[in-house]
Structure formats: structure tokens, C-alpha cells
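J.: I'd like to ask some things about the structure below.
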Amino acid sequence: MSSLSPSTSPLSTWSLPQGQAVTIKPRTAGVLRVVSGRAWATLDVSRHTPLTETGDHFVALGHDLRLRAGQRVVVEAWAYKGQDGIQLEWVPQPENCMATRWQANVVQPLRDIGHGLALVVRAMGRLLAGLAGYAELLTAGRGKVLRGLESNAP
């Protein structure tokens, strides 16, 4: 497996034969574009990466994979209509479109906290609904006839 670090050059294109993988860790934000074939890309998991941006992605012609600066991805050719490999193109993001320091250090962590709180609220709702479903079982035996499997017969 080889490694590439696309830079801020206007456009980088390279071929990747079937059965080989390449690790890409761009120095600047940009787009990984498939020029021909299909690619299987596995994005690295880190504590700073939202879960929606990690894992396996299949990138076909006409679809782009956006990468942040320093984000690591492993790419390999995914067989498509008898093609032997793929051609990839790195398109760096223009400087004026890059996230500002404020967005990266304040806005994104606030979004992550919001997503985390939403998960906590959803889990609490499911917990309360589950406990409410057991309320009749907890009050059983106080004047209620239990079904066969609910009783504690000797």
C-alpha cells in the first residue's frame, strides 16, 4: 500500500490498478473525484471526526468525496464493468472556501455537542417508554391476575 499527500497544486490525477490500495492524507481541504471506474474509500476514525464522516464510502463517476486537511483515507479500486483500475483526481478547495478558525474551533464542537445531546434525549425517551411498559408488571400481584409465564408459582 502506498501513500500520497496531495498538496495545493491546481489538479493532481493518478491511476490506481485493481488490487492495490493507496493512503491519502491531503495537506489542504479538497475533493477526491473518480475520473473512471469506482473507488472504495475508508475514512479514518478519530476523536475529532463526526461519525457521519467515517467508515466506508463507495465513490463512483460523478460523485465526489470531500476531505479535510489532514484527514486520512484509504482508497482502492472497486471492480466495475471489467475495468482493471481507477483514475482519481484531487481538486484542492479554494482558500476562500476553507473553514475559518472560528468554525473549526467553536462552531463544529458546538454542533457535535448538539448531536450528542440529541442522542441523550432520544435514549432517555426510549428508556422512559421501556420503563412505562414494565409498569403493569411491577404493579402485578396487587389485585391483578398474572398470566402463566408472569407468575412465580413453585
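J.: Go through (1) surrounded by fewer than 10 Cβ atoms within 10 Å (Cβ to Cβ); (2) modelled with pLDDT of 80 or more one by one and return the number of the condition Ala135 breaks.
T.: (2)
J.: Something else now. Can you tell me which residue in the range 38-95 is surrounded by the fewest Cβ atoms within 10 Å (Cβ to Cβ), limited to those that are basic (Lys, Arg) and at pLDDT 80 or above? Step through it out loud before you land on a result.
T.: Just the residues of the range 38-95 that are basic (Lys, Arg), to begin with: 38, 47, 66, 68, 72, 81.
Then drop every residue that is not at pLDDT 80 or above, which leaves 38, 66, 68, 72.
Details: Arg38: 17, Arg66: 12, Arg68: 16, Arg72: 16.
Per the stated criteria, the residue is Arg66.
J.: Among (1) touching a Lys or Arg at 6+ places or on another chain (Cβ under 8 Å); (2) of a type in the set (A, V, I, L, M); (3) modelled with pLDDT under 85, there is one condition Leu11 misses while meeting the rest; what is its number?
T.: The failed condition is (1).
J.: Right, here's the next one. Which strands (runs of 3 or more DSSP E) does the range 60-133 wholly contain that include 3 or more residues that are within 20 Å of the chain's Cα centre (by Cα)? Let's see the steps before the verdict.
T.: Numbers: elements: 64-67, 73-78, 85-92.
Strands (runs of 3 or more DSSP E) meeting the threshold: 64-67, 73-78.
The values are calculated or read from the model by the stated rules, or taken from the named source; none is laboratory data. Please read these numbers as outputs of a predicted model, since none were measured by experiment. Virtual Cβ from ideal backbone geometry, glycine too; neighbours counted across all protein chains shown.
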